[in-house]
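Everything below concerns the one structure shown next.
Derivation of every value follows stated rules applied to the coordinates shown; laboratory data play no part. Note that this is a predicted model, so its numbers are computed, not measured. In this analysis, Cβ positions are derived from the backbone assuming ideal geometry, glycine residues included, and neighbour counts consider all displayed protein chains.
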Amino acid sequence: MSMLNVALPKGRLGERVLSLFEEAGFSCPAIHEPGRRLVFENPEVGVRYFWVKPSDVSIYVERGAADIGVAGRDILLEYKPDVYELFDLGIGKCRMAVAAPVGFRDDRDRTLRVATKFGAIAKAYYASLGREIDMIHLNGSIELAPLLGLSDVIVDIVETGSTLRENNLEVVEEIVPISARLIANKAAYKFKGEAIGRILSALAEKEG
Ligand code: PRP
């Protein structure tokens, strides 16, 4: 049996993704052994897993280094990788939103300063509103920007809302709901279609 290369997103989401794959019958005991290894395989069920940075999953899949992977819809919307989106896993649910200091009043005659790590999503959103913005591209801790006057608002992921609440910020507009998606390399989908189909239907069946 040929092995299916599967890119898993490192971190909290990845642990849940792995559990879903395991419950669907694609377990890999080696992945639970302590150590610094990066690649784990279980030839019996035909999978080879590797952990990558969540925002890198779609790069591995697009270029065929991974046959399939799991990426947040935020990443797919931001980077528009040329991959097939096969299935909504229904986990990692959150939303992309505009947030601002509580009580923020937008002056539509002024250019809005927007801090984000999702530049393409923010650009498309404000273009759809015909709003001129000054984009400030940050790589993390986006919530800090309006607190220090670096930006007026942020475009970021909101899950429980506690990061906003604890920093006296609030959602002012919702942009799009997000969840984790199973994605596939386009050539692999053709040549390893049967193996990909097996995982897909096992995951979909679990979902019920
Ligand atoms: C994300 C996001 C928010 C936070 C939202 O950050 O950027 O900061 O989670 O979650 P909450 O609504 O449950 O508080 P992440 O942990 O990915 O780190 P980052 O600072 O690198 O963006």
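Observations
- With N the number of residues in the chain, Rg(Cα) / (2.2 N^0.38 Å) evaluates to 1.16.
- Computed 3J(HN,Hα) for segment 23-34, one whole-Hz value per residue from the Karplus formula 6.51 cos²θ - 1.76 cosθ + 1.60 where θ = phi - 60°, is 5, 7, x, 10, 7, 8, x, 4, 5, 8, 6, x, glycine and proline marked x.
- 13 Å beta-carbon shell around Arg113, net charge (K/R +1, D/E -1): -3
- Surrounding net charge for Asp67, when Lys and Arg each add one and Asp and Glu each subtract one, Cβ distance under 14 Å: +3
- The residue list Gly103, Leu13, Pro54 was ranked by how far each Cα lies along the charge dipole of the chain toward its positive end, using unit charges on Cβ atoms, and Pro54 comes out on top.
- Think of each Lys and Arg Cβ as +1 and each Asp and Glu Cβ as -1; about the Cα centre, that makes the dipole of the chain roughly 420 debye.
- Separation in nanometres of the label points that stand 7 Å from Cα toward Cβ, at Asp134 and Tyr79: 3.0 nm
- For segment 75-116, the list of chymotrypsin sites (Phe, Trp or Tyr not before Pro) that fall in a loop by DSSP and count at most 16 other C-beta atoms within 10 angstrom reads Phe104.
- Restricting the calculation to Cα atoms, segment 1-81 shows an Rg/Rh of 0.96 when the hydrodynamic-style radius is the Kirkwood one.
- The residue list Gly149, Asn185, Thr116 was ranked by how far each Cα lies along the charge dipole of the chain toward its positive end, using unit charges on Cβ atoms, and Asn185 comes out on top.
- The dipole here belongs to segment 94-177: it is taken about the Cα centre, uses +1 on the Cβ of Lys and Arg and -1 on the Cβ of Asp and Glu, and is about 140 debye.
- Ordering of 121-134, 11-24 by burial proxy (mean other Cβ atoms within 10 Å per residue, highest first): 11-24, 121-134
- Sorted on the mean count of surrounding Cβ atoms within 10 Å across their residues, most packed first, peptides 195-204, 26-35 read 195-204, 26-35.
- Note on segment 48-122: percent of Cα-Cα distances in each 10 Å bin, starting at 0 and stopping at the bin with the largest distance, equals 15, 40, 24, 15, 6, 0.
- Debye log10 I(q)/I(0) at q = 0.11 Å⁻¹ for segment 94-177, Cα point scatterers: -0.24
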